[in-house]
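Asks: Following this message is one structure expressed as structure tokens.
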Amino acid sequence: MNIEQKLKLSQQTDYIYFFREGIFAQLYGVSLYLAVTRLNLDLNLCLYKYKSLSNQKILRAGLPTKKLESLLPNGLANCQFGYSYKNLWHVDRNSYNRWYKKNTSELLSINCKNKHSKDFLSKELIPLWLTEEERQFLLDWQKDKYRQATEQYFIETLQRKIVSSYA
């Protein structure tokens, strides 16, 4: 099943659809919204860029299928692409749209914590994690406060971090 088919099915409101991808079950669209807001599943939301959708960024989340099966032992039905769960709640499209926009914009402003996010998000969104010493150096920095060799070493260290974050 391709991403277009998954997204189309995920916009339906009759079931929550979990798409099996390896050992994980992925959620998209209204299914993701319902899993988070109604089933209270603790999911890490991520934005993924899909080339087949003209690099459109799509909100998605997943969890191991074994965990899903243990969280929802009753009502979870196996199907060709993964699992379905009967939707027992009314879906307010306006609430869903607000939720989706809010989470998408938040994730655009920070890097997704998913270890694969750098493969899908544009490179300018990859954060540079600083040690406490590096952070303090930047906070305390003033022109001519440190020797040139110290500043050069600091800049070279940051440069190596940036290069390694794109590897």
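The values are calculated or read from the model by the stated rules, or taken from the named source; none is laboratory data. Remember, predicted model here, so these are calculated numbers, not experimental data. A quick note on method: Cβ atoms are made from the backbone with ideal geometry, for glycine too, and the neighbour counts reach across all protein chains shown. In case anyone asks, the SASA skips ligands and DNA or RNA and just uses the protein heavy atoms, side chains included. Shrake-Rupley method; radii C 1.70, N 1.55, O 1.52, S 1.80 Å.
Asks: Set the Förster radius R0 to 35 Å, insert the Cβ-Cβ distance between residue 161 and residue 66 as r into 1/(1 + (r/R0)^6), and round the FRET efficiency to 0.05.
Replies: After rounding to 0.05, the efficiency reads 0.45.
Asks: Here is a follow-up. Could you work out how much longer the chain between residue 54 and residue 98 gets when fully extended? Use 0.36 nm per residue separation minus the Cα distance between them, nm to one decimal.
Replies: Extra length available between residue 54 and residue 98 comes to 13.5 nm.
Asks: Could you tell me how far the Cα centroid of region 3-26 sits from the Cα centroid of region 42-66, in Å?
Replies: Here the two parts' Cα centres lie 11 Å apart.
Asks: Taking only protein heavy atoms into account and a 1.4 Å probe, give the accessible area per residue of the chain in Å².
Replies: Roughly 65 Å² per residue, with all protein chains present.
Asks: Next question. Quick query: amide H of residue 21 versus all other amide H atoms, modeled in the peptide plane; which residues come in under 5 Å with a sequence gap of 5 or more or a different chain?
Replies: The list, which skips near neighbours in sequence, is 26.
Asks: How large is the helix-only mean residue ellipticity at 222 nm for the chain, computed as the sum of -39500 (n - 2.57) over DSSP H runs with n ≥ 4, divided by its residue count, in deg cm²/dmol to the nearest 500?
Replies: Rounded to the nearest 500, it is -13000 deg cm²/dmol.
Asks: Once phi is turned into ³J(HN,Hα) by the Karplus curve 6.51 cos²θ - 1.76 cosθ + 1.60 with θ = phi - 60°, what whole-Hz value does each residue of region 20-34 show in order, with x for glycine and proline?
Replies: Ordered by residue, 3J(HN,Hα) equals 6, 9, x, 8, 10, 10, 9, 10, 9, x, 4, 4, 5, 4, 5 Hz.
Asks: Per the 1.4 Å probe, what fraction of the accessible area of the chain, in percent, lies on carbon and sulfur atoms?
Replies: With neighbouring chains kept in place, the figure for the chain is 52 percent.
Asks: Order of 13-26, 150-163 by packing, highest average Cβ count within 10 Å first?
Replies: 13-26, 150-163
Asks: HN-Hα J couplings of region 49-62 from phi, Karplus 6.51/-1.76/1.60, θ = phi - 60°, integer Hz, Gly and Pro as x?
Replies: 9, 10, 4, 5, 10, 6, 6, 5, 8, 10, 7, 8, 7, x
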